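Quick note: the coordinates plus some simple rules give every number you see, no bench work behind them. No experiment lies behind these values; they were computed from the predicted model shown. Ideal geometry is used to build each Cβ from the backbone, glycine not excepted, and the neighbour counts take in all protein chains shown.
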Amino acid sequence: MTELRHRGTTENDLQHQQSEDKGSESEGKAEKDGASDSESKPDTGPPGVPVPADDTPEVLNKALSGLSSRWKNWWVRGILTLAMISFFFFIIYLGPMVLMLIVLCVQIKCFQEIIHIGYSVYHSYHLPWFRTLSWYFLLCVNYFFYGETVTDYFSNLVQREEPLRILSKYHRLISFAMYLTGFCMFVLSLVKKHYRLQFYMFGWTHVTLLIVVTQSHLIIHNLFEGMIWFIVPISCVICNDIMAYMFGFFFGRTPLIKLSPKKTWEGFIGGFFSTVVFGILLSYVMAGYSFFVCPVEFNSDRNSFEVDCEPSDLFQLQDYALPAALESLTGWPTLRLYPFQIHSISLSAFASLMGPFGGFFASGFKRAFKIKDFANTIPGHGGIMDRFDCQYLMATFVNVYIASFIRGPNPAKVVQQLLALRLDQQLHIFNSLKTHLTERGLLEEEA
Amino acid sequence: MTEVRKRGGKGGDADSVSDKEADGEDRLGLPGEAGGDGEYKADTPSVPPSTADNTPQFLKEAVEGLNPRWKNCCIRGVLSMAMISGFFMMIYLGPIMLIVVVMTIQIKCFQEIIDIGYRVYHSYELPWFRTLSWYFLVCVNYFFYGETLAEYFGALVQREEPLQFLVRYHRFISFAVYLAGFCMFVLSLVKKHYRLQFYMFAWTHVTLLIVVTQSHLVIQNLFEGMIWFLVPVSIVICNDIMAYLFGFFFGRTPLIKLSPKKTWEGFIGGFFGTLVFGFILAYLLAQFQYFVCPVEYNSETNRFTAECEPSDIFVMHEYTLPFTVQSILRWKTVTIYPYQIHSVALSTFGSLIGPFGGFFASGFKRAFKIKDFADTIPGHGGIMDRFDCQYLMATFTHVYIASFIRGPNPSKVLQQLLVLQPEQQLSIFNAMRDRLRDRGILPPAATEAM
């Protein structure tokens, strides 16, 4: 709240302010941190993470050379924000395949940033083998998850190609063998003077894998359900950041949490309500297009992804009778909505209430290790991880939400499992299913 | 190899932990390590060694007269016999008992490792942290047990309404429970202790990853049939003992710097000894339905039963020996259970990779300058000391079963079927009917009777 800002168009505002929020927060934090974090233990001093070099492209530097340094910073951030938004729209336009690739790249970059912090904290650049091992474990875990995804969603393709079929059948064994190799290499690489460091880095790598890689794969699963399940949650989190900042800027008075002194209750609550409204509007706009709502499928004849289907019930407009109280207020007897808009309320609610906790966690982490930003990849904004820290909880929530409330198991997968059973087991299941369907009246009793 | 040990009964499960103990003694004598570790800024350990003597009084009195070296051996021998008898008794008591014991061991291992974390980081006084660690343990266990129960207790679950609700929204509920813990962690961050708190958070999660997930894999193996629990566990124990014996009698060439007492002779001898042992044990156990049948919950009698038609791998087959072996042994064929061939794979893994789990634990103990994980078992150390090699084995067995032995679990498939949309169910039903008719399992349409 110490800086005034130049407002651009509406959408640019959104990204702009979100970045501004994080920027001012981290600056404030850097001032406050100082010596108060020094702990009683011999964990002395800052970890010596070097101050990142100025990454701003030369062209920007020249264009802004006339302005005072404060305004210069905002302009740099504003321009980068615009660039990120345009990029976001562009990749959505390019389709699901490119989105998957982008998610993979973001994941790798986040992993690299966090591991790098680990190296800096522990001064462990010279540890034998460790860089190799970290990247190797990343590769293993990604192989495992991508293999499961491919087997689930590309079953036709997999069954057709013989090498793929074998890889898929023994997928778990192969993944486990790869992981074990890494584990054995770690054990063999233990060097007498560095045991503790090596165990620390091993633990650090595994926790990073747990957070970054599993959740990026949940994002991809969400994406396969339909691009709307990817776009709406991400936009809700971004919108919440921005709205909370704006409300905090104009009305902020009561601090929210000691960990992030710039956050206020007014911002939090204002952000909540506006994110809910934003979510409803965005879902309304997107639910009309089959490009967004259809599950992504791989067409094995044409070897490409397509999103083409009969939209499910969620994405068909329905009439809801308003309760009497609302009826008298608005004068409308019924409301025409997509059921998905109701789901979007839960998504927005989660993004507004829990998303900030992801941000607090990352703030706490940065304070704990006395770093200002995770890295310096994006000029003015920090690292990729800085942009994505609130997204992770959201991705898991959306995945769990879909699994619990929206879809059942994937029918193709169930059929696959059925066909793998023994014949007597298949017969048993067939009879149970017949009983079940007959009871439900779906199957006629045959004479 | 500084101690001769008294072995209990048959080649059972006396544990060869002298390796580790000897490692510990070696390590304490090496000064260079302490200096080297100081180069990074984190914590000097000063983890106080666990000195409490846990030995019961009567044992102490009984071994009063003996020389201290023999005294230690006696205590260890007695405890080993006690552990073996305990093991047999639990097997006798059945699968539910085994599950309860696995659960108890898991909790104890978790507690031991977390305790080490507290000592390393001097973080006893951290606000909320004990509560949070146990809370996360409960969450993850709830998640895993819920998944397991839903799979294997389908009939029971369908009957009880609240259980049905819990099963249907299980993931959501587990996630909510975990999130509550996560939020509590964030809210508990205290200015002076940020780094410590993050360290303990990570320590807890890595421990959960190692200990809890693998104990659940052990339980899933158990549900496949008790033989899939007994044989791997026995193989790991036997490998420890055999490696020790061979090392003791023939050991000469050191194996790895991390554990100076291990030798190549012990390693290779242990490998072959374990192969033979696994082969024989598989033969003995495969004859009993009690061991080979999948554990099922009988909803009428409300009990677990292990009764079934043994699957093909537990039925004797005749195998023609390859020519060379034929000429050596002068047997044309050999009649064995196919399971015995699988046991060869399990033994191989247990002998070759199992020791890496032990090295990992040794490295861990050296890194944090502790002699044993805890002092629960007199003479042996903590529960974790006994089980460190077992973890990799449990995961391997699980992956092995999933890849080579069983297909998907039929009751789980049925459950998933019942949750699908009616149109999807109908289409699958019709497809199945046609398929089964093609295979001749179902009579053709005209003569099908309801």
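Listed by Cβ neighbour count within 10 Å, with the fewest neighbours leading, B:143, A:186 appear as B:143, A:186.
Can you pull out the trypsin sites (Lys or Arg not before Pro) in the range B:231-281 whose DSSP state is coil and whose Cβ has at most 12 other Cβ atoms within 10 Å? Provide the component values of the computation, followed by the final result.
Numbers: sites: B:252, B:257, B:261, B:262; in loops: B:252, B:257.
Within the range B:231-281, the qualifying trypsin sites (Lys or Arg not before Pro) (loop, at most 12 other Cβ atoms within 10 Å) are B:252, B:257.
Counting only other chain Cβ atoms within 10 Å of each residue's Cβ, the peptide A:423-436 averages 5.
Near the amide H of residue A:189, within less than 5 Å, lie no amide hydrogens of residues on another chain or at least 5 residues away, with H placed in the peptide plane.
Over what distance in Å are the Cα centres of the range A:204-228 and the range A:84-130 separated? Here the answer is 12 Å between Cα centres.
3J(HN,Hα) along the range A:435-441, derived from phi through the Karplus expression 6.51 cos²θ - 1.76 cosθ + 1.60 where θ = phi - 60°, amounts to 4, 4, 5, 5, 4, 6, x Hz, with x in place of Gly and Pro. Per-residue Cβ neighbour counts within 10 Å put A:227, B:316 in the sequence B:316, A:227, beginning with the fewest. For the range B:215-302, GluC sites (Glu not before Pro) meeting the loop criterion (DSSP other than H, G, I, E, B) and having at most 13 other Cβ atoms within 10 Å: B:300.
Here the contact order of the range A:218-337, divided by its residue count and restricted to Cα pairs under 8 Å and six or more residues apart, works out to 22 percent.
Restricting the chymotrypsin sites (Phe, Trp or Tyr not before Pro) of the range B:329-361 to loop positions (DSSP other than H, G, I, E, B) with no more than 14 neighbouring Cβ atoms within 10 Å leaves B:331.
Across the range A:131-242, the mean sequence separation of Cα contacts (distance under 8 Å, 6 or more residues apart), normalised by length, yields a relative contact order of 32 percent. Other protein chain C-beta atoms within 10 Å of residue C-beta, averaged over A:363-373: 3. For the peptide B:256-266, the mean number of other protein chain Cβ atoms found within 10 angstrom of a residue's Cβ is 1.
Legend: distances between Cα atoms for A:72/A:366; B:257/B:365; A:263/A:372; B:192/B:371; B:108/B:191; pairs beyond 20 Å are A:72/A:366; B:192/B:371; B:108/B:191.
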